[in-house]
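Working notes, structure below.
Since every read-out is calculated from the coordinates, none of them should be taken as a lab result. In this text the structure is predicted, and so the values were computed from the model without any measurement. Neighbour counts run over all protein chains shown; Cβ positions are idealised from the backbone, glycine included.
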Amino acid sequence: MKVSLICLASLAIVTFCALPNPVHAGCGQGRGGGGGGSCAVGETPREDLSDAETASLLLMREEEKLARDVYLTLGEQYELNVFVNIPRAEQRHLDRVGELLAKYAIADPIGDDTVGSFQNQKLQELYNELVAKGSTSVTAALQVGATIEDLDLFDLETALRDVVDSEDIRQVYLNLAKGSRNHMRAFTSQLKARNESYEAQYLAAAELEAIVGSDWERGPADGKGQRGKGNGRGQGKGNGQGKGCCKN
């Protein structure tokens, strides 16, 4: 499905209501040099959101759930640390977007947090498609992981360029993008260890090459959109990732 899901944002219908406090996941993307840094959403003032910003938040909330749910589901089939550690980071991504929804009293589209259940029908179909593909082999599962991060990065970058004016949303999206770049590095590293590679489906090929060829990023992304400095270690042999406590 080579169509950016950011296009679906215009279909979102916003209802205002209170949102319960999000649940924070435990520590750990792993592999020593993940990216991350939590964003202090409450420390920035409330701004007047555009309809496009609101729709983007609703979409991104479920798109981060898509990543978490696919990885959790594939993790039941394959004993790989990427499918243990990265879902924890995706939960933190979910929490960050959830905090923005709560801050602006926007109704959460995740009424049912059951794994594999989505309000957005396009995301529901994509979840089904990606799980089916990833269930065929461990290599296919890693390709699915890279595809999700590819899509996530494309949509985040599109929103940052064309939609987002509010500083709090910008800070969260910059940090989500940093985490997704680290996740892309994890999946492509695992593929490389199996003499396989991933070809970009959403990002430009040159951008993907630059991401996987650069160091892992740590610390919060700054407000100017610069990447944090990376000092991650190379991928070890075997299926495991190194230990770490990096909050994406």
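Quick notes
- Amide H contacts under 5 Å for I106, placed H, 5+ residues apart: C17
- Computed from label points 7 Å out along Cα-Cβ, the spacing between T114 and E76 is 1.2 nm.
- Protection proxy ranking, peptides 76-89, 52-65, average beta carbon neighbours within 10 Å, highest first: 52-65, 76-89
- When the pairs K122/K178; K65/K122; K65/K178 are compared against a 20 Å limit on Cα-Cα distance, K122/K178 fall above it.
- Translational diffusion coefficient (Stokes-Einstein; Kirkwood radius from C-alpha pairs) of region 49-212 at 20 °C, 1.002 mPa s, in µm²/s: 134 µm²/s
- Per-residue Cβ neighbour counts within 10 Å put T44, T139 in the sequence T139, T44, beginning with the fewest.
- Diffusion constant of region 126-177 at 20 °C, which comes from Stokes-Einstein with the Kirkwood Cα-pair radius and 1.002 mPa s, µm²/s: 174 µm²/s
- A simple rule links phi to the HN-Hα coupling: the Karplus curve 6.51 cos²θ - 1.76 cosθ + 1.60 with θ = phi - 60°, which for region 106-123 gives 9, 4, 6, x, 8, x, 10, 8, 4, 4, x, 10, 9, 6, 6, 5, 5, 5 Hz, with x for Gly and Pro.
- Region 142-190 and region 61-128 have their alpha-carbon centroids 14 Å apart.
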